[in-house]
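Below you'll find the structure, written out as structure tokens, and then a few comments.
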């Protein structure tokens with residue numbers, strides 16, 4: 001293995017990037033790795049998006065026309081898995097890689113080699129997951145929540161590879177999070193106190209904590225599945241004294257913090273963008289920090305609100321209902337603070353700001369439908385209907401995904417040194433905004449009327465709104481090709497960006513040249529700005 | 001915190017070939033394992049899975065060896081500042097926290113089964129109808145009578161906690177003391193003390209593993225207590241088995257540290273590798289105490 005042992009050249013880290021493709025394979029640079037994560041995430045976004053469009057094409061009309069019910073199940077499952085673990089999570093890790101060291105005045109991530117390892121596991125994991133489509137019996141078909149016994153006794157053989165893919169994603173996430181946490185705790189420039197950190201850094205600190213706490217639980221639950229499938233254990237088999245409901249408890253103990261893992265960094269992004277374009281300091285910085293921490297804490301004690309109809313004791317239903325409603329308090333604090341930041345600001349509406357404002361409004365709609373779902377007796381009607389689908393797509397698409405896009409528009413001048421094309425960016429925003437609402441708003445209606453999720457066919461009374469929804473989905477999906485075009489155009493050239501890029505921008509990343517040099521803050525910055533957003 | 005006047009540069013390697021090999025290694029390992037499992041389940045006679053698994057394991061082992069060699073060499077070249085060492089301390093601490101949460105999932109499963117499921121299947125409380133499926137079933141822990149004995153034949157007996165498990169408790173708790181004495185050896189600059197106590201720790205760890213191996217053999221051969229003997233066997237073997245895997249890993253770490261100690265590594269102010277291994281060792285010790293209480297003593 002001597003070929004693997006690298007030679008050390010003490011002065012190497014002052015050089016620029018290597019030439020050629022191996023730069024990306026061997027890199028330890030946080031900016032390179034951030035770029036890798038972001039491109040990987042976009043590829044997965046398109047892969048998951050194609051599956052979503054297949055689903056919407058099938059649901060365009062009642063009846064079975066395009067895909068078989070078997071394939072439909074595989075598509076819904078893989079769409080969810082790819083979007084959650086392949087698109088949204090890696091995008092935020094990519095943003096953290098690019099931004100956290102620059103925001104806190106650190107020379108790089110704390111553990112640079114492990115940083116590369118965290119990324120390069122992912123292409124292997126997702127190749128293995130995607131290859132299940134070609135296996136005998138097809139891809140996993142039990143929904144992204146993979147409830148036992150559908151995912152154990154009745155699963156296709158490819159479930160084994162699904163389990164190991166999840167293990168690999170978990171290892172990647174845990175190592176990535178350890179890196180983020182250690183960077184934030186140990187590599188802040190002198191004077192960068194915790195309460196001066198930008199909120200994006202704060203929300204990522206909390207997110208990384210959540211990831212380290214719950215990804216091992218996910219690993220545990222898939223391990224239990226593996227043992228039930230191959231070694232005759234009885235975790236999820238009542239005949240042996242186990243319980244399929246146990247699966248749901250362990251899964252959702254991971255799964256609920258997971259949804260905040262996908263939204264907290266988005267809060268951080270929006271908290272950076274709104275002050276910049278409102279030209280005001282973020283309203284209530286301290287309360288934003290405490291609200292984020294409260295949301296993280298509450299995320300551990302509300303998991304069974306996903307399980308109201310499975311048959312848990314009445315006392316449990318009441319507890320989980322009230323605990324869930326508590327989350328509305330810190331979330332309300334956040335929404336209030338964003339609105340208060342815009343209040344009487346001198347606002348301009350560049351593309352990042354448009355995405356950020358759309359985030360505040362549409363995420364709040366998703367939050368309100370979440371409150372409706374939290375009410376136990378009402379949830380008995382909504383459970384497993386399209387209302388749930390509408391709810392979590394509202395918090396994930398115009399929530400997390402819009403925040404990621406806002407972040408790309410906001411920081412891409414810093415990354416590439418070029419301004420993106422503003423009219424095209426705005427076009428992309430309006431197409432996405434209209435597309436997303438046409439897609440998901442009607443799903444509230446069909447859901448309330450009783451249309452079940454994850455079924456390829458439906459009763460005639462749902463036909464009109466499904467047709468509308470499918471049209472919106474194709475509009476939204478194809479608009480993302482425009483996004484790809486804009487990003488490539490900006491990488492290749494464009495109006496040169498200034499150091500500060502935005503008139504109202506504050507923070508360390510705006511004090512360095514655009515594009516950001518390959519190595520930044522090799523010596524810590526002298527002036528540490530006050531927290532601004 | 002380093003001040004700006006006395007700023008020590010944070011070491012960032014220019015690039016590294018290690019992670020891509022590690023990624024390949026982990027992929028081959030699990031891909032091979034998946035094929036092994038699926039071939040066995042389908043009754044296919046093939047060694048494809050085994051070969052890939054072996055290849056992956058070797059790649060992983062070689063890469064980790066190279067990786068740790070690089071880190072040790074860089075440390076000896078004095079490339080690591082105090083700040084760098086603090087990164088390693090934080091990194092190891094958070095890694096151990098993630099391990100705690102992994103065990104928490106299995107302990108949680110045990111408690112949930114123990115306190116709710118055992119009774120509910122028997123129709124206790126407001127779960128009335130469920131006892132119509134298996135009317136013969138009587139709620140009892142340890143569950144020696146699973147609801148469906150045809151699929152899950154229950155064990156004749158379970159392990160007596162006051163025999164081998166008590167011995168193992170004594171072995172593992174003593175090893176936590178011996179590893180601390182070895183640490184004192186480093187701090188005092190007494191290499192003989194370090195090597196002797198560390199060697200004893202390794203022997204205690206290996207003895208623990210042998211005893212547990214014998215206990216498993218006894219459970220399978222004499223008691224009918226197996227992975228497939230219902231939820232008691234399931235939780236028993238999964239919890240103690242994962243713990244045993246961690247003891248194995250910890251013992252390997254300590255053996256490596258013993259080798260390094262014999263080569264003259266570790267100084268009083270520069271022994272993080274040893275400390276990380278010993279923290280890990282204390283962690284598996286604490287998990288064992290949880291197992292001894294909740295699985296062995298309160299389980300019987």
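Most tightly packed first, judged by the mean number of other beta-carbon atoms within 10 Å of their residues, the peptides B:139-146, B:222-229 read B:139-146, B:222-229.
Every helix of 4 or more DSSP H residues in chain A counts as -39500 (n - 2.57), and over all residues that averages to -21000 deg cm²/dmol at 222 nm. When restricted to Cα atoms, region A:344-421 yields an Rg and a Dmax of 16.5, 54 Å, respectively. Remark: mean inter-chain Cβ contacts per residue of A:211-220 equal 5, using a 10 Å Cβ-Cβ cutoff to other protein chain atoms. A Förster radius of 41 Å combined with the Cβ-Cβ distance from residue B:150 to residue B:211 puts the calculated FRET efficiency at roughly 0.75.
With everything on Cα atoms, drop me the angle between helix A:386-395 and the longest principal axis of chain A, reported from 0 to 90° to the nearest 10. So the helix axis and the longest Cα principal axis differ by about 10 degrees.
Evaluate peptide A:222-229: per residue, the Cβ atoms of other protein chains within 10 Å of its Cβ; return the mean as an integer. Kindly include the intermediate steps, with their values, before the conclusion.
Details: counts 0, 5, 5, 0, 3, 6, 1, 3.
Average neighbour count from other chains, rounded to a whole number: 3.
A protection proxy built from the mean count of other Cβ atoms within 10 Å ranks the segments A:202-212, A:485-495, B:149-159, A:267-277, most packed first, as A:267-277, A:202-212, B:149-159, A:485-495.
How big is the C-alpha Rg of chain B next to the rule-of-thumb value 2.2 N^0.38 Å, as a ratio? List each step's numbers first, then the result.
Values: Rg = 23.5 Å, N = 300, 2.2 N^0.38 = 19.2 Å.
After normalising by residue count via 2.2 N^0.38 Å, the value is 1.22.
From least to most packed, judged by other beta carbons within 10 angstrom and beginning with the fewest, A:307, A:224 follow the order A:307, A:224. A straight line joining the Cα centroids of region B:269-286 and region A:53-104 runs 41 Å. Using C-alpha pairs below 8 Å separated by at least 6 residues, the relative contact order for chain B is 16 percent.
For chain A, what is the relative contact order in percent, using Cα pairs closer than 8 Å and at least 6 residues apart in sequence? Reported as a whole number, the value is 18 percent.
How long are the three semi-axes of the equivalent ellipsoid of region B:8-80, in whole Å, if each is the root of 5 times an eigenvalue of the C-alpha gyration tensor, listed from largest down?
Numbers: eigenvalues 272, 19, 10 Å².
Semi-axes (√(5λ), whole Å): 37, 10, 7.
Among A:497-508, A:409-420, B:36-47, how do they line up from the highest to the lowest mean number of other beta-carbon atoms within 10 Å?
Details: A:497-508: 18.7, A:409-420: 22.3, B:36-47: 13.4.
Going by the mean number of other Cβ atoms within 10 Å, highest first, we get A:409-420, A:497-508, B:36-47.
Per Stokes-Einstein, at 20 °C and 1.002 mPa s, what whole-number D in µm² s⁻¹ belongs to region A:24-511, with the Kirkwood radius over Cα pairs as the hydrodynamic radius?
Details: Rh = 22.9 Å.
My calculation gives 93 µm²/s for D.
Distance between the pseudo-spin-label points of residue A:135 and residue A:457 (7 Å out from Cα toward the beta carbon): 2.9 nm. According to the Cα-based calculation, Rg over Rh for region A:283-366 is 1.11, with Rh computed by the Kirkwood formula.
Remark: relative contact order (region B:8-80) = 37 percent; criterion is Cα-Cα distance under 8 angstrom and separation of 6 or more residues. Compactness check for region B:237-298: Cα Rg over 2.2 N^0.38 Å is 1.35. For the protein assembly as shown, the Cα-based Rg and Dmax, in that order, read 27.4, 83 Å.
Just to confirm the number: angle between the C-alpha axis of helix A:285-299 and the first principal axis of chain A, 0 to 90 degrees, nearest 10? Helix A:285-299 sits roughly 30 degrees off the main axis of chain A.
Label zone of residue A:287 (point 7 Å out along Cα→Cβ, amide N under 14 Å): in region A:303-344 this covers A:329-343. Compared with the dominant principal axis of the Cα atoms in chain A, helix A:351-374 is inclined by about 30°. Each label was represented as a point 7 Å from its Cα along the Cα-to-Cβ direction; for residue A:319 and residue B:177 these points are 4.0 nm apart.
Over region B:100-240, consider all pairs of different Cα atoms and compute the Kirkwood hydrodynamic radius from their mean reciprocal separation; express it in Å, one decimal. Walk me through the numbers on the way to the answer.
Numbers: mean 1/r = 0.0563 Å⁻¹.
Result for region B:100-240, one decimal place: 17.8 Å.
At R0 = 41 Å, how high is the FRET efficiency between residue B:170 and residue B:8 if r is their beta carbon distance? Nearest 0.05 is fine. Provide the component values of the computation, followed by the final result.
Values: r = 45 Å, r/R0 = 1.11.
In this case the efficiency is close to 0.35.
Peptide A:61-72 has a mean shielding of 0, counted as Cβ atoms of other protein chains within 10 Å of each residue's Cβ. Here the simple spin-label model places points 7 Å from the Cα toward Cβ, and for residue A:378 and residue B:74 these points are separated by 5.4 nm.
Here, each number is a calculation from the coordinates, and none is a lab measurement. None of these values were measured; they are calculated from a predicted model. As a convention, Cβ positions derive from the backbone with ideal geometry for all residues, glycine included, and neighbour counts pool all protein chains shown.
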